[in-house]
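Novice: Okay, here's the structure, questions in a sec.
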Amino acid sequence: MNKDGTIDFGKLEKQLLVAVDEDARYRRENDAKFRAVAQNVASYEEFKDIVAASHLKPLDKKDTEGLHNRKQPWNPYAGKSSEKTASPKDNILSGDLNVPRNSHEFQKYWRKCQKDKVKKYQYLITIGGPTLAEIFQAEISMALLGEIVDIFNENWKADDFSKIYDILHGLATVKRFSLSLQFLSGREKKVLIELFQKLNEVIVERQRGDCVHVECLGTLEKSYGVTVEMRDQV
């Protein structure tokens, strides 16, 4: 509502459009999952590709008409080298990052990072566990869950222990988390174990200092279906 007590219909409309978009995306990806299962896909990677491409639509005949006469390249800048430096607005390390309010805003920046895992790592750390849990309260896809685990393991920083724990804990509370966890690939499950081993190493080194208590980490391991013996050395 506005300060004068009236309803802000513009803001309400934007929130409705975001909710409709997220609901449509969930239904589209969920349908793709069932199609993939029905097709008896040969591998997890193929399953994930089908879900990831669920938003694509086949081209109509009119979409391809005249393509053979096209002289302009698809990307006119592809063959040109650019010396333009990235602006602070585009650099996640500049401190200008806006925390996303919903999954649509999250995915928009996530796609912008492309394969830059360092930027994605800082993005996740900046957002934090509670906010991520709220953003993905309905569901976190197995593809995104696996990617987050891989990013944390590859760019691990012991100083970020508590933040990483909070994020893993927050994601474990979202709906359908167990289903997404079940569809992680064999490699991603191995990476998950490596990540929890690193979390345990921090507890060992700090001798149960002011970080997350060992029992809390043990509970989180159960949520992720992970068993790490190293903790017993504490």
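Novice: Which FRET efficiency, nearest 0.05, do E215 and Y26 yield, Cβ-Cβ r, R0 22 Å? Kindly include the intermediate steps, with their values, before the conclusion.
Specialist: Values: r = 35 Å, r/R0 = 1.57.
According to the calculation, E is roughly 0.05.
Novice: Sort I193, I203 from largest to smallest accessible area, using a 1.4 Å probe on the heavy atoms of the protein chains.
Specialist: Numbers: I193 70, I203 0 Å².
Largest accessible area first, the list is I193, I203.
Novice: Same structure, new question: Quick one: Karplus J couplings for region 131-144, per residue in order, coefficients 6.51, -1.76, 1.60, θ = phi - 60°, nearest Hz, x for Gly and Pro?
Specialist: 5, 4, 5, 6, 5, 10, 4, 7, 4, 10, 5, 5, 5, 5
Novice: Let me ask another. Compute the distance in nm between two label points, each set 7 Å from the Cα along the Cα-to-Cβ direction, one at H104 and one at A138.
Specialist: Those two pseudo-labels are separated by 1.1 nm.
Novice: Turning to a different aspect of this structure: Hey, which of these cross-link pairs are over 23 Å Cα-Cα: K14/K117; K120/K157; K14/K119? If you can, show how the numbers build up before the last one.
Specialist: Working: K14/K117 31 Å; K120/K157 14 Å; K14/K119 28 Å.
Beyond 23 Å between Cα atoms: K14/K117; K14/K119.
Novice: Moving to a separate point now. Full extension from S185 to K222: what is 0.36 nm times the residue separation minus their Cα-Cα distance, to one decimal in nm?
Specialist: Extra length from S185 to K222 when fully extended: 11.5 nm.
Novice: Next question, about the same structure. At 0.36 nm per residue, and after removing the present C-alpha to C-alpha distance, how many nm does the segment from A52 to D159 gain when stretched out fully?
Specialist: Numbers: separation 107, 0.36 × 107 = 38.52 nm, distance 3.33 nm.
35.2 nm is the gain from fully extending A52 to D159.
The values are calculated or read from the model by the stated rules, or taken from the named source; none is laboratory data. All values reported here derive from a predicted model rather than from experimental measurement. For neighbour counting, all protein chains shown are included, and Cβ atoms are generated from backbone atoms with ideal geometry for every residue, glycine included. Note: accessible area is taken over every heavy atom of the protein model, side chains too, but ligands, DNA and RNA are not part of it. Shrake-Rupley method; radii C 1.70, N 1.55, O 1.52, S 1.80 Å.
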